[in-house]
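The values are calculated or read from the model by the stated rules, or taken from the named source; none is laboratory data. As the structure is a computational prediction, the values presented were derived from the model and not from experiment. Cβ atoms come from the backbone with ideal geometry, glycine included; neighbour counts cover every protein chain shown. Calculation scope for accessible area: heavy atoms of the full protein, side chains included, ligands and nucleic acids excluded. Shrake-Rupley method; radii C 1.70, N 1.55, O 1.52, S 1.80 Å.
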Amino acid sequence: MSEARDIREPQGKLGVLMPGMGAVATAFMAGAELIKKGHAEPIGSLTQLGTIRLGKRTENRVPKIKDFVPLAEMGDLVFGGWDAFPDDAYEAATLAGVLEKEHLNAVWGELRQIKPMPAVFDSRYVHKLSATHAKSYSSLREAAEQVREDIRSFKREHGLARAVMVSCASTEAYLQSRKAHFSLESFEKALDRSDPAISPAMVYAYAAIMEDVPYANGAPSLAADVPALVELANERGVPVGGKDFKTGQTWMKTIVAPGLKARMLGLEGWYSTNILGNRDGEVLDDPESLKSKEVSKLSVLEHVLQPGLHPELYGDITHVVKINYYPPRGDAKEGWDNIDIFGWLGYPMQIKINFLARDSILAAPMVLDLALFLDLAQRAGMGGIQEWLSFYFKSPMVAPGLYPEHDLFIQLIRLGNTLRTIGGEEIIHHTGLDYYE
Ligand SMILES: NC(=O)c1ccc[n+]([C@@H]2O[C@H](COP(=O)([O-])OP(=O)(O)OC[C@H]3O[C@@H](n4cnc5c(N)ncnc54)[C@H](O)[C@@H]3O)[C@@H](O)[C@H]2O)c1
């Protein structure tokens, strides 16, 4: 066995702070409150329902993950956030239309109390929204200071021992890392001169890390993944992860593509199209926000299939991703995938996937898991990029020079082995040879 990490116990309450209190965040908060009251099961949550095998198969040691590593209890979670509109969590959840009235009314009192703090908002980054609940500041430095003060006062007000931040804010316009983001020094100067290269998503991430609050980004916007903020997270030993929750079509893609590759079947093309009608869809109706999402969605196939190693199978793939805003569907997104594959002697075949999903129902348990795992990482002294949480993201953050691992099953094995290592158990390498010796 390896030596268990010294992990601080999760004593006291844990704040879960979310920039963006829309469909995902409110489905998460309402669901968590229902679960706390015993009205629902935490379906979709690995931290709550997942198990972990320890030792050999003959040992029959398969505890629940939450009984193996010391995670915060759901009853100790307190929710808060920021939004560009003043609706409390009940009003925002009603507007989002994800959960039925019957569910929302059962936690009406709890949701009414969760009022968003004013957002750091810049319409250059989210064109489709006109904020009515935004901070005023004379510089981005001041905006960051205000968010830091929000975090401190939220912790004080609710008597919190610790907090984590999981961003559920609207997708911002596509941005590539540039000079202002390359080092912490240049980032700090850019904050002082309110450089437009610093987005609101980065301001939240910076404020969180400065407050030693672990941070994960559920949106595809550029934030903690810029070199400056990775440097800051390493320097302060704060866990960070992201980005873009891997919920629907991309989740399917990272299940099916590894299966094709495992059998050495070829791929000629993958056409993915979606319709969705929630506010996320409305924001994505703007070409600049859409580009952030498309880049995030398009990146997965290449890394899973490795065309450089298998040019005869994956050297010439047509990969198309379309997202269309279609209001009648609300949060009940529908995705279609047409996958043109080929097998023995090059004979063509097709796979069709029609996924009638519910976006926020798939994302909400991920917010819970990320909050609990980020908090665990911090108590276990693991700062910087948490690659073991790639499982949850379309565009996983990795150390410079590494390519991201997108295969869902490799990601799950890594997550499990990281937990085993934290808990002082042997990692499982699945050779199984010792059973036959
Ligand atoms: N639902 C999913 O399955 C899924 C999957 C992957 C990624 N995401 C991403 O998660 C994010 C949230 O999705 P959603 O469906 O809840 O969207 P949503 O539109 O319902 O909620 C986003 C909220 O963010 C607020 N907002 C915008 N700019 C802000 C700012 N600068 N500061 C604070 N709040 C701000 C908006 O007012 C809105 O209430 C989006 O970026 C989406 O692309 C969602």
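When each of SER153, SER170 is tested for being within 19 Å of the chain's Cα centre (by Cα) and not charged (D, E, K, R), the lone residue that passes is SER170. One residue alone among LYS297, LYS293, LYS322 is of a type in the set (Lys, Arg), outside any helix (DSSP H, G or I) and touching a residue at least 24 places away in the same chain (Cβ under 8 Å), and that residue is LYS322. Kindly indicate whether any position in the range 303-317 is under 23 Å from the mean Cα position of the chain (by Cα), within 16 Å of the ligand (Cβ to nearest atom) and farther than 16 Å from THR247 by Cβ. There is no residue in the range 303-317 that is under 23 Å from the mean Cα position of the chain (by Cα), within 16 Å of the ligand (Cβ to nearest atom) and farther than 16 Å from THR247 by Cβ.
Listed by first and then second residue, the pairs linking a residue in the range 84-97 that is within 15 Å of MET117 (Cα to Cα) to a residue that is part of a loop (DSSP other than H, G, I, E, B) and open to solvent by 50 Å² or more (accessible area, probe 1.4 Å), with Cβ atoms under 6 Å apart and 6 or more places separating them unless they lie on different chains, are PHE85/THR132; ASP88/LYS115. Looking across the range 6-54 at every residue that is free of Cβ contacts under 8 Å to residues at least 60 places away in the same chain and of a type outside the set (A, V, I, L, M), the one that is surrounded by the fewest Cβ atoms within 10 Å (Cβ to Cβ) is identified as GLY38. Quickly run through the range 131-159 and pick out the residues that are over 16 Å from ALA201 (Cα atoms) and either part of a helix (DSSP H, G or I) or open to solvent by less than 20 Å² (accessible area, probe 1.4 Å) (or both). Correct list: GLU149, ARG152, SER153, PHE154, LYS155, ARG156, GLU157. Residue count for the range 100-119, restricted to those that are in contact (Cβ under 8 Å) with a residue 60 or more places away in the chain, in contact with a Ser or Thr (Cβ under 9 Å, 6 or more places away or on another chain) and either in a helix (DSSP H, G or I) or closer than 23 Å to GLU188 by Cβ (or both): 2.
Consider the range 18-59 and keep the residues that are at pLDDT below 95 and of a type outside the set (D, E, K, R). The one that is nearest to the ligand (Cβ to nearest atom) is GLY55. Once the range 384-396 is narrowed to residues that are touching a Lys or Arg at 6+ places or on another chain (Cβ under 7 Å) and assigned to a loop (DSSP other than H, G, I, E, B), the residue that is farthest from VAL226 (Cα to Cα) is LYS394.
Scoring GLN176 on the criteria (1) more than 20 Å from ASP83 (Cα to Cα); (2) at pLDDT 95 or above; (3) open to solvent by 60 Å² or more (accessible area, probe 1.4 Å) leaves a single failure, condition (2). The requirement of being within 16 Å of the ligand (Cβ to nearest atom), open to solvent by 20 Å² or more (accessible area, probe 1.4 Å) and touching an Asp or Glu at 6+ places or on another chain (Cβ under 8 Å) is fulfilled nowhere in the range 64-72; no residue meets it. Quick check: anything in the range 400-420 over 30 Å from LEU267 (Cα atoms), in contact with a helix residue (DSSP H, G or I) (Cβ under 7 Å, 6 or more places away or on another chain) and touching a residue at least 24 places away in the same chain (Cβ under 8 Å)? Yes: one or more hits.
If you go through the range 276-298 and keep only what is away from the ligand (no atom under 14 Å from the Cβ) and either touching a Ser or Thr at 6+ places or on another chain (Cβ under 8 Å) or over 19 Å from SER130 (Cβ atoms) (or both), you end up with just LEU298.
Scanning the range 259-291 for residues that are at pLDDT below 95, open to solvent by 10 Å² or more (accessible area, probe 1.4 Å) and among the small types (Gly, Ala, Ser) returns a single hit, GLY277. Restricting attention to the range 227-258, the residues that are open to solvent by less than 10 Å² (accessible area, probe 1.4 Å), under 20 Å from MET18 (Cα atoms) and either β-branched (Val, Ile, Thr) or part of a strand (DSSP E or B) (or both) add up to 5.
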